[in-house]
Amino acid sequence: MKQKLLLVAALFFGFLAFILTYYQIKLEREKALGAATTVKLIKMKVAKAEGENIELSDLEEYETKRFKMDAMRNPEIEYKDRQDIVGKKADSTVIKGEILKWYQIRTEKSGKSEGLAGLIAKPKDGVPVRAISIPVDTVSSVTNLVRPGHHVDIIGTFRFPEMKGDKSLDTITMTILQNVLVLATGTQTANAVGPDAKGAVKNYSTVTFELYPKEVEMLIFASQKGKLTLSLRNYEDSIFVKDSQSVNFKFLEENLQKYSDEREKRIFGGSSFSKGNKK
């Protein structure tokens, strides 16, 4: 009898933990979606071969979410602009059910958006934007699964002299930049046409980001002084962590159990996850 009660209690608390976790994930997702806006794009009702005309009957409305920060450089055609492409020829093969993009249509806009330069955002409030590439390997690029259009955090690991002033070196890991747009992986860009648009390029050794000039300088210096690793974000995640930390051996030793306890509470208890103390 006692064993049955324990089993029932375990099942009850397991179910309760599942419910709490579900609602916590739902809450976090709703927070992330708050930074996004609804857009109406064009989905193809039929396939089109290169050179075929695009007709109004070929198009249907497709509603989805997009971050406001990406609105200016979105290569996808909005439904309100459908009349601009009716009667134009397809510049490459378009698959049925695909979301139509400017570079797939032979228009003035498609020509301007070809190549990497067409993807870089225009200056905002007088601040210019630049593209910069850094070397990566299979591990630092999330097994080459980072793709153009993704957003990542850039994490750096460095060897610094000990703060106490002796000649010994201390290894420190810290977040360099958050929520960085990936413009290209190797030579494949988000607006590539032909075979590249189908994801033919699987492996690469460089990743190109969109950054502000001051960030470019910082990233170049960081890439020369340590190892950089990319941390991939969900498409709907635009959160910036305000209390980012620097992790060394001492910090790890002092906070390992604390982090383990917090992770357990977040998974099974639904409580908020508190960030570690700054070093």
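Bear in mind these aren't lab numbers, they're just calculated from the coordinates by the rules spelled out. Note that the structure is predicted; figures quoted are calculated from it, not measured. All Cβ positions, glycine included, derive from the backbone under ideal geometry; neighbour counts span all protein chains shown.
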- [ ] Give the order of Phe249, Phe209, Phe158 when sorted by the count of other beta carbons within 10 angstrom, beginning with the fewest.
- [x] Phe249, Phe158, Phe209
Task: Relative contact order %, the range 116-241, counting alpha carbon pairs below 8 Å whose residues are six or more apart - done: 38 percent
Open item on the list: Just want the ordering: Ser141, Ser92, Ser246, Ser57, from fewest to most Cβ atoms lying within 10 Å of their own Cβ.
Closed with: Ser57, Ser246, Ser92, Ser141
Task: Residues with amide H under 5 Å from that of Asp170, placed H, sequence gap 5 or more - done: Phe160, Glu162
Open item on the list: Quick check on my link table: of Lys40/Lys89; Lys80/Lys124; Lys124/Lys214; Lys124/Lys225; Lys101/Lys227, which ones sit more than 26 Å apart, alpha carbon to alpha carbon?
Closed with: Lys124/Lys225; Lys101/Lys227
- [ ] Can you figure out the FRET efficiency of Asp84 with Glu253, using R₀ = 51 Å and their beta-carbon distance, to the nearest 0.05?
- [x] 0.25
Open item on the list: Give me the extension gain from Thr38 to Ile99: residue separation times 0.36 nm, minus the current Cα-Cα distance, reported in nm with one decimal.
Closed with: 20.4 nm
Task: Residue-by-residue Karplus 3J(HN,Hα) for the range 50-56, coefficients 6.51, -1.76, 1.60, Hz, glycine and proline x - done: 4, x, 7, 6, 9, 10, 4
Task: Charge tally in the Cβ shell below 13 Å around Glu63, where Lys, Arg are +1 and Asp, Glu are -1, Glu63 excluded - done: +1
